[in-house]
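S.K.: Quick one: structure below, then a few questions.
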Amino acid sequence: MRFADAVEFALGSLRKRRLRTFLTASGVMIGIGALVSMISFGKGMQKNVTDAFKASDLLSTLVVMPGGAEPPAGDPDRQRPRAKVPARPDVVLDDQAVAAIAKIPGVLRAYPDISFPAMVGYEGAEELRLIQVVPAAVAASRSMKITWGRAYASDEEAGVVVSRSLLRRMGTSDPASAVGKTIRITSVSVDLGRLATLDLGSILSGTASPLAQESYDFPILGVTDVAPFGGEANLTESGVLIPPGPAGRIKRLPITSIWDLFRMKGGRLGYSAVTVKLGSLGDLGAVRSKVHDMGYATFALADQFDEITRAFYVMDMVLAAVGMIAIIVAALGIVNTMVMSILERFREIGIMKAVGAGDRDIRRIFFFESGAIGFAGGAAGCVLGWVTSLVINRVVNFYLARQGMPFVNYFAFPFWIFLGAVGFSLLVSLVSGIYPARRASRVDPVVALRHD
Amino acid sequence: MNPPAPPLIETRSLSKTYLVGDVRVAALADVTLAVPEGSFLAVTGASGSGKSTLLNLLGGLDTPSAGTIEVGGALVSAMDREALARYRRFAAGMIFQSFNLVAARTALENVELPLIFAGVNRTERKRRAAELLGKVGLAHRANHRPPELSGGEQQRVAVARALANGPRLLLADEPTGNLDSRTSREIVGLLAGLNRERNLTIIMVSHEEGLVREFAREIVRLQDGRIVAAESPA
């Protein structure tokens with residue numbers, strides 16, 4: 001029997017039982033549709049995270065940390081994960097070290113993470129924030145996403161960049177209107193004159209304080225949009241970026257948190273971290289080992305990224321497993337339909353055998369029938385899964401847009417999802433067809449011809 | 001006088017027993033038979049005498065419990081399932097009392113069936129099927145489905161289908177059982193004509209004594225699965 005004839009036989013008998021073929025294929029369609037939308041959801045999430053990482057340049061960033069006392073677990077000032085290679089406890093991360101790191105081949109720039117707590121005032125609202133000191137070169141880089149206004153032109157320009165979310169918290173819904181307005185930064189510093197007039201006893205008992213507040217006004221030069229994972233310097237945390245020049249003129253305490261005091265070595269504090277921008281991700285290993293040789297610990301988001309990729313792999317498996325339940329139900333539907341079909345066509349099978357059909361011919365016909373159901377159901381399932389995802393995406397985005405969230409595609413459809421789904425559906429249907437096809441081929445023609 | 005033709009079919013001590021519950025029932029016992037090529041042999045006997053069992057064994061639809069069947073030098077009784085399918089496809093055509101046409105297929109498509117399983121391409125098998133339908137006088141009914149055909153027409157389609165792959169042997173199991181006497185005579189006449197013109201060997205199971213005596217050249221009578229009489233009426 002020729003291949004084309006077997007296909008024609010199979011399609012002919014499916015056409016004869018239109019309703020049942022349709023219902024069985026619908027089962028497959030729903031199963032494949034569920035699987036396709038599940039996997040595309042997993043892929044969509046993965047793509048969103050990956051794209052965000054890539055867009056924010058975080059992957060080619062290395063954070064260098066000194067050794068010494070670590071803040072206790074759970075301290076909100078210190079959320080950075082611990083480095084894999086520990087730092088030598090005796091080295092200090094100072095300006096000299098930053099300059100040395102910047103000279104390592106492959107390093108684009110290195111700048112210390114400097115931040116200090118301050119009260120931020122804007123149009124009557126006040127909020128305590130960590131002010132982030134960021135060089136102009138970094139503030140102007142694409143990872144900052146300054147959507148309204150501009151970045152500061154030099155490290156000396158007196159002006160700040162704020163985040164849209166900070167403005168929203170402070171009661172401004174139109175970020176464009178904030179550009180050019182003034183923001184007030186109030187910091188705390190030690191008042192030496194006052195310190196001299198106080199006696200040690202009252203300072204230690206807490207009844208008098210040598211600390212003083214001082215306020216500085218800066219124009220808002222630019223506003224950054226919400227980046228899903230912050231920028232190079234973590235804007236979602238700080239919300240205010242200031243160039244090093246004006247920052248140096250703000251009187252403030254030399255520490256960000258009380259834990260910094262425990263890191264001091266021989267009276268020298270150094271920086272708590274230095275951000276290192278790499279020319280490319282490929283330089284990461286080499287730069288990192290040089291920094292380790294200098295005695296510092298490092299942390300790279302690229303490591304986390306590998307872990308995230310692994311987590312997504314697990315998520316895909318879980319989603320696929322849920323989708324598989326529907327596929328198994330559909331497969332049972334195929335088996336049921338095909339076995340019913342044998343009973344109905346018992347006599348026809350006998351006739352075909354009597355005129356010379358071999359076991360293999362009968363097997364083939366039944367095999368192709370279940371294959372055709374799987375193929376049609378799989379193709380329809382791809383369309384169903386795609387349409388379902390589009391609808392869900394619209395609905396979810398509609399609600400999120402009301403809360404000011406940007407439009408996000410929660411589903412991704414790489415081409416292989418469709419090919420894989422149709423192929424998988426075909427495979428499942430063929431496997432489902434094995435038993436019915438075998439059973440049909442074993443029909444005894446003598447019994448079948450006697451059958452009415 | 002011509003020397004006797006070599007036998008096309010030879011059975012030796014052919015037996016078939018069925019297990020009905022725990023009881024063994026012998027449908028056919030120790031049948032030894034030689035049928036020369038070009039014969040028109042009628043097998044008669046009461047119902048349950050083993051006629052159809054004998055025909056199913058000769059047609060390769062069933063396998064014997066004991067004994068051998070040789071057709072054209074090939075040991076049919078030793079064939080596996082695939083070889084038996086090939087034997088049915090090419091060597092032995094069969095027609096039945098209830099015609100056994102596929103109701104959803106036209107006359108032409110029914111005749112095409114054995115050609116499909118023989119792997120004949122579409123154009124060639126359409127041509128051959130149409131030619132065969134013409135030979136049995138049904139060229140004008142080619143595109144009708146069995147329910148639209150009379151009993152006689154259906155049996156003619158079945159004859160055309162049985163001849164599709166050019167077998168040397170045609171087995172007819174009560175071919176006139178569902179037909180009126182006039183049509184019955186036409187059908188057996190058609191078989192007799194094929195027997196004469198093509199030297200086609202025909203074995204026909206029938207209990208219509210008149211038709212058998214008129215057309216068959218040899219008659220074998222079965223009783224309780226055994227041959228009890230053989231005669232040549234002509």
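S.K.: Of the conditions (1) facing chain A (nearest Cβ under 10 Å); (2) more than 20 Å from B:ALA160 (Cβ to Cβ); (3) of a type in the set (Gly, Ala, Ser), B:GLY50 fails just one. Which one is it?
M.R.: The failed condition is (1).
S.K.: Given (1) surrounded by 15 or more Cβ atoms within 10 Å (Cβ to Cβ); (2) touching a helix residue (DSSP H, G or I) at 6+ places or on another chain (Cβ under 7 Å); (3) farther than 30 Å from A:PHE407 by Cβ, identify the lone condition not met by A:ALA153.
M.R.: (1) is the only condition that A:ALA153 fails.
S.K.: When residues of the stretch B:196-234 are filtered for being out of contact with any Lys or Arg (no Cβ under 9 Å at 6 or more places or on another chain) and assigned to a strand (DSSP E or B), how many remain?
M.R.: Here the count works out to 8.
Rundown of residues vs (1) within 9 Å of another protein chain (Cβ to nearest Cβ); (2) closer than 14 Å to A:LYS353 by Cα; (3) among the aliphatic types (A, V, I, L, M), yes/no style:
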{"position": "B:GLU70", "(1), (2), (3)": "no, no, no"}
{"position": "B:GLU82", "(1), (2), (3)": "yes, yes, no"}
{"position": "B:ALA85", "(1), (2), (3)": "yes, yes, yes"}
{"position": "B:GLU109", "(1), (2), (3)": "no, no, no"}
{"position": "B:LEU113", "(1), (2), (3)": "yes, yes, yes"}
{"position": "B:LEU133", "(1), (2), (3)": "no, no, yes"}
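S.K.: Any residue at all in the stretch A:349-363 that's more than 14 Å from chain B (Cβ to nearest Cβ) and touching a residue at least 24 places away in the same chain (Cβ under 8 Å)?
M.R.: no
S.K.: The conditions are (1) within 30 Å of B:ASP30 (Cα to Cα); (2) more than 9 Å from every other protein chain (Cβ to nearest Cβ); (3) modelled with pLDDT under 95, and B:ARG141 fails exactly one of them. Which is it?
M.R.: Going through the list (1) within 30 Å of B:ASP30 (Cα to Cα); (2) more than 9 Å from every other protein chain (Cβ to nearest Cβ); (3) modelled with pLDDT under 95, B:ARG141 breaks only (1).
S.K.: Could you list, in sequence order, all residues of the stretch A:98-145 that are in a strand (DSSP E or B) and over 30 Å from the mean Cα position of the chain (by Cα)?
M.R.: Listed by number, the residues that qualify are A:ALA118, A:MET119, A:VAL120, A:GLY121, A:TYR122, A:ALA125, A:GLU126.
S.K.: Taking the conditions exactly as written (outside the structural domain of A:VAL138 (by TED's automatic domain parsing), of a type in the set (S, T, N, Q), modelled with pLDDT under 85 and over 19 Å from A:VAL133 (Cα atoms)), does A:SER280 satisfy them or not?
M.R.: Considered against the rule, which asks whether it is outside the structural domain of A:VAL138 (by TED's automatic domain parsing), of a type in the set (S, T, N, Q), modelled with pLDDT under 85 and over 19 Å from A:VAL133 (Cα atoms), A:SER280 comes out as yes.
S.K.: In the stretch B:9-31, how many residues are crowded, with 22+ Cβ neighbours inside 10 Å and among the hydroxyl-bearing types (Ser, Thr, Tyr)?
M.R.: Result for the stretch B:9-31: 1.
S.K.: Looking at A:MET45, A:MET29 in this structure, which one is part of a helix (DSSP H, G or I), modelled with pLDDT under 90 and under 30 Å from A:PHE413 (Cβ atoms)? Spell out the reasoning first.
M.R.: On the way: A:MET29 fails: modelled with pLDDT under 90.
Unique residue meeting the criteria: A:MET45.
S.K.: Looking at (1) among the aliphatic types (A, V, I, L, M); (2) closer than 30 Å to A:ASN336 by Cα; (3) surrounded by 12 or more Cβ atoms within 10 Å (Cβ to Cβ), which one does A:VAL396 not meet, given that it meets all the others?
M.R.: Condition not satisfied by A:VAL396: (2).
S.K.: Kindly establish whether A:ASP303 is within 14 Å of chain B (Cβ to nearest Cβ) and in a helix (DSSP H, G or I).
M.R.: Judged against the criteria, A:ASP303 is not a match.
S.K.: Could you list, in sequence order, all residues of the stretch B:201-218 that are of a type in the set (Lys, Arg) and in contact (Cβ under 8 Å) with a residue 40 or more places away in the chain?
M.R.: Scanning the stretch B:201-218 gives a single hit, B:ARG217.
S.K.: Kindly establish whether A:PHE413 is modelled with pLDDT under 95 and away from chain B (no Cβ under 14 Å).
M.R.: When the stated conditions are applied, A:PHE413 passes them.
S.K.: Hey, any hits in the stretch B:158-173 for a residue that's out of contact with any Asp or Glu (no Cβ under 7 Å at 6 or more places or on another chain), more than 27 Å from B:ARG86 (Cβ to Cβ) and either of a type in the set (Lys, Arg) or more than 14 Å from every other protein chain (Cβ to nearest Cβ) (or both)?
M.R.: Within the stretch B:158-173, not a single residue is out of contact with any Asp or Glu (no Cβ under 7 Å at 6 or more places or on another chain), more than 27 Å from B:ARG86 (Cβ to Cβ) and either of a type in the set (Lys, Arg) or more than 14 Å from every other protein chain (Cβ to nearest Cβ) (or both).
S.K.: Right, next: Within the stretch B:54-74, take every residue that is free of Cβ contacts under 8 Å to residues at least 24 places away in the same chain and among the small types (Gly, Ala, Ser) and give me the one that is nearest to B:LEU8 (Cα to Cα).
M.R.: So the residue we want is B:GLY73.
S.K.: OK, next. Please determine whether any residue of the stretch A:18-34 is under 31 Å from the mean Cα position of the chain (by Cα) and more than 17 Å from A:ALA379 (Cβ to Cβ).
M.R.: There is no residue in the stretch A:18-34 that is under 31 Å from the mean Cα position of the chain (by Cα) and more than 17 Å from A:ALA379 (Cβ to Cβ).
S.K.: So, one more: Within the stretch A:182-191, identify whether any single residue is loosely packed, with under 15 Cβ neighbours inside 10 Å and of a type in the set (D, E, K, R), and answer yes or no.
M.R.: Checked against the condition, which is being loosely packed, with under 15 Cβ neighbours inside 10 Å and of a type in the set (D, E, K, R), the stretch A:182-191 yields no hits at all.
S.K.: So which of A:LEU419, A:LEU384, A:LEU426 is under 34 Å from the mean Cα position of the chain (by Cα) and loosely packed, with under 15 Cβ neighbours inside 10 Å?
M.R.: Result of the check over A:LEU419, A:LEU384, A:LEU426: A:LEU419.
S.K.: Also, I was wondering about something else. Looking at the stretch A:1-17, which of the residues that are in contact with a helix residue (DSSP H, G or I) (Cβ under 7 Å, 6 or more places away or on another chain) and facing chain B (nearest Cβ under 10 Å) is nearest to A:LEU343 (Cα to Cα)?
M.R.: The qualifying residue nearest to A:LEU343 (Cα to Cα) is A:SER13.
S.K.: Still on this model: Could you please give the count of residues in the stretch B:93-128 that are in a loop (DSSP other than H, G, I, E, B), surrounded by fewer than 18 Cβ atoms within 10 Å (Cβ to Cβ) and without any contact (Cβ under 8 Å) to a residue 12 or more places away in the chain?
M.R.: The number of residues fulfilling the criteria is 2.
S.K.: Go through the stretch A:399-443 and report how many residues are more than 19 Å from A:MET338 (Cβ to Cβ) and not in a helix (DSSP H, G or I).
M.R.: So the count comes out to 12.
The values are calculated or read from the model by the stated rules, or taken from the named source; none is laboratory data. Quick caveat, the model's predicted, so the values are computed rather than measured. Cβ coordinates were reconstructed from backbone atoms using ideal geometry, including for glycine residues, and neighbour counts include every protein chain displayed.
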